[in-house]
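Contents: one structure, followed by commentary.
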Amino acid sequence: MMRSGSTLQYNIASEIVERRGIGRREIWIDDHRGYFADPPADGIIVFKAHELTPPIADAMDRGEGVAIVSIRDIRDATASWQAKTRTRLDTPAAMAFAQSATDQLSPWEQLPADRLLVSRYE
């Protein structure tokens with residue numbers, strides 16, 4: 001979920017994998033299709049994504065991944081977005097942000113429980 005500590009979760013997971021020598025982090029990119037077209041064969045790869053894209057969903061369906069999903073009270077996430085972007089959202093814009101954030105989150109919540117770790121940011 002946007003503005004929910006997702007970068008912190010990504011960094012923690014990446015550090016664990018790298019310090020244990022069992023994989024590496026993938027740089028942040030919006031589109032992971034290139035990764036899934038030619039995945040590396042060397043250990044665990046940690047990457048960050050807000051959208052559950054078809055290639056990610058397919059990998060999850062094959063049991064080839066675990067998702068760490070961070071969530072936050074939508075009011076706090078909206079306030080965080082405003083602070084980050086130094087903007088003040090009017091009510092329709094705030095509602096649109098909230099809808100976008102929850103729309104992105106919903107597919108992740110449908111993943112099988114054994115492939116999903118949910119972390120609440122307070």
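Packing, taken as the mean count of other beta carbons within 10 Å per residue, orders the peptides 113-121, 64-72, 8-16 from highest to lowest as 64-72, 8-16, 113-121.
Only protein heavy atoms count here; under a 1.4 Å probe, TRP28 has an accessible surface of about 120 Å². For the range 66-122 and the range 1-57, compute the distance between their C-alpha centroids and round to whole Å. With the range 66-122 and the range 1-57 each reduced to a Cα centre, they are spaced 18 Å. Between VAL66 and GLN99, the distance separating the two model label sites (each 7 Å from Cα on the Cα→Cβ line) works out to 3.6 nm. With θ taken as phi - 60° and the Karplus curve 6.51 cos²θ - 1.76 cosθ + 1.60 applied, the whole-hertz 3J(HN,Hα) list for the range 106-122 is 3, x, 4, 5, 8, 5, x, 4, 6, 10, 9, 10, 9, 10, 8, 9, 10 Hz, x standing for glycine and proline.
The alpha-carbon atoms of the range 1-78, seen along their principal axes, cover 41, 30, 21 angstrom, with the largest extent given first.
For GLY23, the residues whose amide H sits under 5 Å from its own are ILE44, ignoring neighbours fewer than 5 places away on the same chain, with H placed 1.01 Å from N. Solvent-accessible area per residue in the chain equals 65 Å², computed with a 1.4 angstrom probe and all protein chains kept.
The values are calculated or read from the model by the stated rules, or taken from the named source; none is laboratory data. Worth saying up front: this structure is predicted, and the values here are computed from it rather than measured. Glycine gets a Cβ as well: all are built from the backbone with ideal geometry, and neighbour counts include every protein chain shown. Side chains included, ligands, DNA and RNA excluded: accessible areas come from the protein's heavy atoms. Shrake-Rupley method; radii C 1.70, N 1.55, O 1.52, S 1.80 Å.
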